[in-house]
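What follows is a short report on a single structure.
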Amino acid sequence: MNDEKFQEAKEKINNASSIVFFTGAGVSAESGIATFRGVDGIWTKLKPEELANFDNFLKNPEMVWAWYKYRKEVVNESKPNPAHLAIAEAQKRFTEVTVITQNIDNLHRRAGSKTVYELHGNIQRNYCVKCGTFYNNDIDIEDKVPKCKCGGLIRPDIVWFGEMLPESEFELSEIASRNCDIFVIVGTSGVVYPAANMIFYAKESGAYIIEVNIERTEVSYLANASFFGKAGTVLPRLLELDDNSGQNLL
């Protein structure tokens with residue numbers, strides 16, 4: 001660990017008024033939710049086009065819902081980890097804290113974060129593909145394929161392959177990225193677009209970029225400071241105000 005770089009990052013953070021946390025699957029993994037692309041990632045076991053594709057949902061909604069019911073159970077049993085809690089705690093110290101997440105597990109909100117933009121949706125929400133009525137957890141999860149009162153199929157409110165990201169969430173995320181003092185990349189390889197554009201928006205606008213990941217990624221070269229380790233270990237120490245928190249980080 002480069003103590004000098006760590007202290008530089010802490011000083012930048014402590015003098016900031018606006019901070020953005022851009023989070024990915026690595027944060028969720030520390031709560032026991034499998035990543036998509038790791039060795040034990042879910043896409044190594046099942047084909048994404050069979051589970052996260054609207055056309056295939058219409059062809060085989062029972063199979064898709066069986067998978068998402070399992071995913072919902074995993075998420076419901078998980079808890080926010082120290083990384084989620086550290087990010088939420090930051091709201092007490094900075095004028096503006098924004099979470100931009102690619103995760104669908106709702107753990108940032110459960111940890112207490114207030115301003116959260118979910119670029120890929122939220123597994124706790126669902127909606128009717130026919131009339132657009134939204135449902136949260138007020139659907140019969142025991143149904144093989146939940147249906148709306150209008151008769152339409154209900155699907156998870158998640159961005160599937162080939163679908164556009166929610167326009168308002170993307171626009172608000174871009175505004176936050178372009179106007180922050182500090183932009184913290186946490187638990188994401190930065191290879192999923194268009195979400196990863198947020199990193200470049202922040203860089204172009206002069207934000208100080210901090211990366212917190214298990215290992216180097218394709219966006220490490222954009223970071224002013226990179227710290228490699230578990231987000232639940234690194235973030236709480238990085239966000240502390242004392243001057244000795246960089247010691248023995250890993």
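Points worth noting:
- Asp143 being more than 28 Å from Thr101 (Cβ to Cβ) and modelled with pLDDT under 90: yes
- Any hit, the range 136-158, residues being in the same structural domain as Ala90 (by TED's automatic domain parsing), surrounded by fewer than 15 Cβ atoms within 10 Å (Cβ to Cβ) and farther than 19 Å from Asn106 by Cα: no
- Residue match in the range 51-60 (condition: farther than 22 Å from Lys130 by Cβ and surrounded by 21 or more Cβ atoms within 10 Å (Cβ to Cβ)): no
- Residue match in the range 61-79 (condition: of a type in the set (Gly, Ala, Ser), within 20 Å of Val234 (Cα to Cα) and touching a residue at least 12 places away in the same chain (Cβ under 8 Å)): no
- Some residue of the range 113-131 being touching a Cys at 6+ places or on another chain (Cβ under 7 Å) and either surrounded by fewer than 18 Cβ atoms within 10 Å (Cβ to Cβ) or outside any strand (DSSP E or B) (or both): yes
- Restricting attention to the range 72-81 and to residues that are surrounded by 19 or more Cβ atoms within 10 Å (Cβ to Cβ) and of a type outside the set (S, T, N, Q), the residue that is farthest from Arg110 (Cα to Cα) turns out to be Val75.
- Qualifying residue in the range 119-126 (condition: closer than 29 Å to Asn15 by Cβ and within 12 Å of the chain's Cα centre (by Cα)): yes
- Just one of (1) crowded, with 16+ Cβ neighbours inside 10 Å; (2) at pLDDT 95 or above fails for Trp65. It is (2).
- Val27 buried (at least 21 other Cβ atoms within 10 Å of the Cβ) and either over 24 Å from Arg178 (Cα atoms) or modelled with pLDDT of 90 or more (or both): yes
- Subset tally (residues that are within 18 Å of Val97 (Cα to Cα) and either surrounded by fewer than 19 Cβ atoms within 10 Å (Cβ to Cβ) or free of Cβ contacts under 8 Å to residues at least 40 places away in the same chain (or both)) for the range 182-211: 6
- Where Cys131 falls short, out of the listed (1) at pLDDT below 95; (2) over 27 Å from Gly26 (Cβ atoms); (3) not charged (D, E, K, R): (1)
- Conditions (1) crowded, with 16+ Cβ neighbours inside 10 Å; (2) under 28 Å from Thr233 (Cα atoms); (3) not aliphatic (A, V, I, L, M); number of the one not met by Asn179: (1)
The values are calculated or read from the model by the stated rules, or taken from the named source; none is laboratory data. Because the structure is a prediction, the values reported are computed rather than measured. Glycine also receives a Cβ, built like all others from the backbone with ideal geometry; neighbour counts cover every protein chain displayed.
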